[in-house]
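Reading through the structure tokens given below for one structure.
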Amino acid sequence: MFRAGALADSPEILGGGIWERFELLTTTRALGAAPIELAQRAAVVHQVEQGEVPYVAASIIDRVRNPTLVALGGGRVIDTAKAVAALRGGRVCAVPTTLSGAEMTRIHRFPAGREAYARRRVRPVLVIADPLVMTTLDDGRLRASAMNALAHGAEALYVPLANPVASLAALRGAELMAGALDQPHGERDRGALALGSLLAAYALDATGFALHHVVCQTLVRMLGTPHGETNATMLPRTMEMMRPRAPDEISALAGALGAKPKEIRRRIESLGGGPRRLRELGASAERLESARHAMLQRPELENTPDPPGPEELQRLIDDAW
């Protein structure tokens, strides 16, 4: 369900059927924007603390009695709910409050120490997407979050499982997000931005990921850099790296963004709020080499056309630093 006001109507939407009894996973910030009836209808409200999803999920899972879960929040909250449901055989309704895209995918990690017991990966069976709730961040953070969303669609274009439907969704999502981000913050079409994010995440779920996500996921986990800002830092560089590897796909992406292929890096930088550097994100220079080594061990790197080797990854990271 995608429409303005959907969050306010969520208690009514969850008024029966399989959602008659559910447990709510959320944060204080997200709950403050929701109707009080949503928490009142939940059998239990679980606060999702800061931290990596495997450890957060592990801290919650033994307190969950009914694995029919409603996740109200950003990517960390939704991925935590998916991780718990994967182990407990449950289902998830996602009510996103950011552009993370987690609500549209079965991509997530499992509770720490219990990976071997996970039954399956979980994609939410219901998404209540309110564009006015998904786009409340200030302009700088919203642009960073949007670059994470744009990366979802970008990678869907050139991985081995790329397909016409996913590519159409990815390119339309990129077009919508670029058009919205070109508008002044106070006049922005928030519906277009949120819908673009959903389409891009759908495309990623249908295809998988490669270079960009391998790099960013590893940097976030090993260097502790913020997720959205890391994506905004790396996406101009990874798409420039992909230009000779997937010329037709990057040309199509550039066209959706309103640019020529050779302008892809500069165009993405402008959409993301300007050039960024890893050293500005609190990253530790001492861990860069370990992160590069970890990237090379990730099997998803092989989804990249002509996967980069150690030296090329080193140049990429040095340029971003």
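Observations on the structure shown:
- Evaluation of S270 against (1) within 19 Å of L142 (Cα to Cα); (2) part of a helix (DSSP H, G or I); (3) in contact (Cβ under 8 Å) with a residue 12 or more places away in the chain (one fails), failing number: (3)
- Going through (1) at pLDDT 95 or above; (2) buried (at least 24 other Cβ atoms within 10 Å of the Cβ); (3) touching a Lys or Arg at 6+ places or on another chain (Cβ under 7 Å) one by one, A86 falls short only on (1).
- Test: residue in segment 72-95 that is among the basic types (K, R), assigned by TED's automatic domain parsing to the domain that holds V127 and closer than 22 Å to R143 by Cα: yes
- Residue list for segment 150-164, restricted to those being hydrophobic (A, V, I, L, M, F, W, C) and within 17 Å of A180 (Cβ to Cβ): L150, A151, A154
- Hits in segment 72-81 - residues which are crowded, with 24+ Cβ neighbours inside 10 Å and either in a strand (DSSP E or B) or not small (G, A, S) (or both): L72, G73, V77, I78, D79, T80
- Among the residues of segment 1-38, those that are over 13 Å from L126 (Cβ atoms) and part of a helix (DSSP H, G or I) comprise P11, E12, T28, R29, A30, L31, G32, I36, E37, L38.
- L132 meets all of the listed conditions (1) surrounded by 23 or more Cβ atoms within 10 Å (Cβ to Cβ); (2) closer than 15 Å to D189 by Cβ; (3) among the hydrophobic types (A, V, I, L, M, F, W, C) but one, namely (1).
- A102 being touching a residue at least 24 places away in the same chain (Cβ under 8 Å), surrounded by 19 or more Cβ atoms within 10 Å (Cβ to Cβ), over 21 Å from L219 (Cβ atoms) and not assigned by TED's automatic domain parsing to the domain that holds A200: no
Residue by residue, here is whether (1) at pLDDT below 95; (2) of a type in the set (D, E); (3) surrounded by fewer than 24 Cβ atoms within 10 Å (Cβ to Cβ) holds:
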| site | (1), (2), (3) |
| --- | --- |
| R120 | yes, no, yes |
| R123 | no, no, yes |
| V127 | no, no, yes |
| A146 | no, no, no |
| A149 | no, no, no |
| P160 | no, no, yes |
| G173 | no, no, no |
| P184 | yes, no, yes |
| L193 | no, no, no |
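- Residue match in segment 60-77 (condition: touching a Phe, Trp or Tyr at 6+ places or on another chain (Cβ under 9 Å), closer than 21 Å to P131 by Cβ and touching a residue at least 40 places away in the same chain (Cβ under 8 Å)): yes
- Residue match in segment 224-244 (condition: at pLDDT 95 or above, within 26 Å of P164 (Cβ to Cβ), out of contact with any Leu (no Cβ under 7 Å at 6 or more places or on another chain) and not in a helix (DSSP H, G or I)): yes
- Residue in segment 10-28 that is under 18 Å from A102 (Cα atoms) and touching a Phe, Trp or Tyr at 6+ places or on another chain (Cβ under 7 Å) present: no
- If only residues of segment 39-71 that are within 18 Å of G16 (Cα to Cα) and assigned to a strand (DSSP E or B) are counted, the one that is farthest from the chain's Cα centre (by Cα) is T68.
- When L199, L204 are screened for being out of contact with any Ser or Thr (no Cβ under 7 Å at 6 or more places or on another chain), surrounded by 23 or more Cβ atoms within 10 Å (Cβ to Cβ) and of a type outside the set (D, E), only L199 passes.
- Single residue of E249, E289, E280 found to be crowded, with 19+ Cβ neighbours inside 10 Å, out of contact with any helix residue (DSSP H, G or I) (no Cβ under 7 Å at 6 or more places or on another chain) and assigned to a helix (DSSP H, G or I): E249
The values are calculated or read from the model by the stated rules, or taken from the named source; none is laboratory data. The shown structure was predicted, so the numbers you read here are calculated from the model rather than taken from an experiment. Cβ atoms come from the backbone with ideal geometry, glycine included; neighbour counts cover every protein chain shown.
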